[in-house]
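Enquirer: Take this structure, written in structure tokens, and hold onto it; I'll ask about it next.
The values are calculated or read from the model by the stated rules, or taken from the named source; none is laboratory data. Everything numeric here is computed off the predicted structure, so don't read it as measured data. A quick note on method: Cβ atoms are made from the backbone with ideal geometry, for glycine too, and the neighbour counts reach across all protein chains shown.
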Amino acid sequence: MTGAEPQPASGLAWSQLEDELVAATVAAVRRTVGAHPAEHFRAAAMDEIYAETCGPIWFGTLQVVTDEDWSRMERELGEPTSWSTADWAHQIVDWLPDARVLHWQAQLAVEAGLPPGRRDFDGLADDVARWEGTYRRFLTMLATVARRTRASLIEAGATDDTFLVVVLDPDQDERLLSSCLRPGELERWFPEAAEALAGTGIPGPPSATP
């Protein structure tokens, strides 16, 4: 990643994609929380986002963790916190219908400049800056989805005010994490990321508001 600025859009309906992902994420978390009324849920994470420079951009998975699972992982892993979502009990594999995943991944492929008309999205984009701009915009949009999802869940009473929703991208971008969270939460839940961000001397993006 070179940190290239997003290139002019070529037609992808970003606002529609964002709204659809918010609705799907809120619904998936609410179903999971509702199915386990005796448990207290701590966080949801969009994880396992897959992309190789100039290749396809794949949607990640949605995972949810309870306080009980979190405490168990702390004991087993010997760490104060665990964002290893592979160990989380609630893996929501169908949070977005397959047909919609394929639709939006095809749209992202076109936006990123990949060769059109391939069902498997095979082939590479020729314009690296365009691809990187599309990928960065996609991740930034996911952070917005995380903030909106958290606000919607809290407003609906589906989760309490402490519930977190974050994006765990492959590069573990500290600024992206910070943009998902409220002031002070990066330091509490991602101390290494907070330290790395502070070490850059670059202010993080505006944090999520209550």
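Enquirer: Starting from residues that are at pLDDT 90 or above and buried (at least 17 other Cβ atoms within 10 Å of the Cβ), keep the ones in the stretch 156-173 and report whichever is farthest from Arg30 (Cα to Cα).
Expert: Within the stretch 156-173, the subset at pLDDT 90 or above is 156-168.
Next, only the ones that are buried (at least 17 other Cβ atoms within 10 Å of the Cβ) stay: 158-159, 163-168.
Details: Ala158: 6, Thr159: 8, Phe163: 12, Leu164: 14, Val165: 13, Val166: 16, Val167: 18, Leu168: 20 Å.
Going through the qualifying residues, I end up with Leu168.
Enquirer: Picking from Leu153, Leu197, Leu177, which residue would you name as being at pLDDT below 90, buried (at least 17 other Cβ atoms within 10 Å of the Cβ) and within 19 Å of the chain's Cα centre (by Cα)? Steps first, answer last, please.
Expert: Numbers: Leu153 fails: at pLDDT below 90; Leu177 fails: at pLDDT below 90.
After ruling out the rest, the residue left standing is Leu197.
Enquirer: While we're here: Yes or no: Leu96 in contact with a helix residue (DSSP H, G or I) (Cβ under 6 Å, 6 or more places away or on another chain), modelled with pLDDT of 90 or more, of a type in the set (A, V, I, L, M, F, W, C) and crowded, with 17+ Cβ neighbours inside 10 Å?
Expert: Spelling it out, Leu96 is indeed in contact with a helix residue (DSSP H, G or I) (Cβ under 6 Å, 6 or more places away or on another chain), modelled with pLDDT of 90 or more, of a type in the set (A, V, I, L, M, F, W, C) and crowded, with 17+ Cβ neighbours inside 10 Å.
To keep it simple, each residue is scored yes or no on (1) loosely packed, with under 14 Cβ neighbours inside 10 Å; (2) under 18 Å from the mean Cα position of the chain (by Cα); (3) modelled with pLDDT of 95 or more.
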position	(1), (2), (3)
Met1	yes, yes, no
Asp19	yes, yes, yes
Val26	no, yes, yes
Arg30	no, yes, yes
Ala38	yes, no, no
Glu48	no, yes, no
Ala51	no, yes, no
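Enquirer: What residue, of Gly117, Gly113, Gly123, is modelled with pLDDT under 90, in a loop (DSSP other than H, G, I, E, B) and crowded, with 17+ Cβ neighbours inside 10 Å?
Expert: Numbers: Gly117 fails: crowded, with 17+ Cβ neighbours inside 10 Å; Gly123 fails: crowded, with 17+ Cβ neighbours inside 10 Å.
Every option except Gly113 fails the conditions.
Enquirer: Considering only the stretch 129-139, I want to know if a residue exists there that is more than 10 Å from the chain's Cα centre (by Cα), modelled with pLDDT under 95 and part of a loop (DSSP other than H, G, I, E, B).
Expert: No: the stretch 129-139 contains no residue that is more than 10 Å from the chain's Cα centre (by Cα), modelled with pLDDT under 95 and part of a loop (DSSP other than H, G, I, E, B).
Enquirer: Determine whether the stretch 19-34 contains at least one residue that is part of a strand (DSSP E or B) and not small (Gly, Ala, Ser).
Expert: Step one: of the stretch 19-34, the residues part of a strand (DSSP E or B) are none.
No, because not a single residue in the stretch 19-34 is part of a strand (DSSP E or B) and not small (Gly, Ala, Ser).
Enquirer: For Leu153, are the conditions met, namely being part of a helix (DSSP H, G or I), over 21 Å from Ala51 (Cα atoms) and not acidic (Asp, Glu)? Full working, then the answer.
Expert: On the way: part of a helix (DSSP H, G or I): yes; over 21 Å from Ala51 (Cα atoms): yes; not acidic (Asp, Glu): yes.
Spelling it out, Leu153 is indeed part of a helix (DSSP H, G or I), over 21 Å from Ala51 (Cα atoms) and not acidic (Asp, Glu).
Enquirer: Please go through the stretch 63-93 and give me each residue that is outside any helix (DSSP H, G or I) and without any contact (Cβ under 8 Å) to a residue 12 or more places away in the chain, ordered by number.
Expert: Taking the stretch 63-93 as the starting set, the residues that turn out to be outside any helix (DSSP H, G or I) are 63-66, 78-84, 88-93.
Within the stretch 63-93, Gly78, Glu79, Pro80, Ser84 qualify.
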